[in-house]
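Have a look at the structure below before the remarks.
The values are calculated or read from the model by the stated rules, or taken from the named source; none is laboratory data. Owing to the predicted nature of the structure, the values given are computational and were not obtained by experimental measurement. Cβ: placed from backbone, ideal geometry, glycine included. Neighbour counts: every protein chain shown.
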Amino acid sequence: MSRATAAPPQSLTALERAIWQTVAYFDVFDYPLTAAEVHRYLEGVTARAGDIAHTLANGRFSPQHLVHANGYYMFAGREHIVAKRQRRHALAQRLWPAAIRYGRFISSLPFVRMVAVTGSLAVNNVDEHADIDYLVVTENGRL
């Protein structure tokens, strides 16, 4: 299977379809998910973490379509993205000290009310060419 371009298997339950769509969204970013992350980012369906774990282990899309490796879930044939996620996480850890230092400086400027890191660094999924993206909220009428 290449990327998440293949359609999900027929006759999935609402929970199975939501899991499929969640994994598919993150697959676009080469980002396999843990069961806890599938639960956290699940859209359109309310489910307990245990129900998601059970469905991931026993759902109709496993293992021909959805696989589990090294604690992560991804589409079959995409197992290489586990190493990519781990490598990107390590790169992100090197950027965080600078992001915090610059963020503190920005937050000390007059009229700045909030500074947040956004983009790929916010989810620890940076590549070798990553920069630091900030969301800056200022006092009304000041920027």
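Quick notes on this structure:
- Out of 55, 46, sole residue that is part of a loop (DSSP other than H, G, I, E, B), among the hydroxyl-bearing types (Ser, Thr, Tyr) and more than 18 Å from residue 123 (Cβ to Cβ): 46
- Filter result (in contact (Cβ under 8 Å) with a residue 24 or more places away in the chain and within 17 Å of residue 34 (Cα to Cα)) within region 87-109: 88, 89
- Scanning region 48-93 for residues that are charged (D, E, K, R) and out of contact with any Leu (no Cβ under 8 Å at 6 or more places or on another chain) turns up 48, 78, 79, 84, 85, 87, 88.
- Top-ranked residue in region 66-86 [being touching a residue at least 24 places away in the same chain (Cβ under 8 Å) and in a helix (DSSP H, G or I); ranked as surrounded by the fewest Cβ atoms within 10 Å (Cβ to Cβ)]: 84
- Any chance residue 6 is at pLDDT below 90 and closer than 27 Å to residue 127 by Cβ: yes
- Test for residue 95: is it assigned to a loop (DSSP other than H, G, I, E, B) and among the aliphatic types (A, V, I, L, M): no
- Checklist (1) assigned by TED's automatic domain parsing to the domain that holds residue 19; (2) more than 30 Å from residue 7 (Cβ to Cβ) applied to residue 104, failing item: (1)
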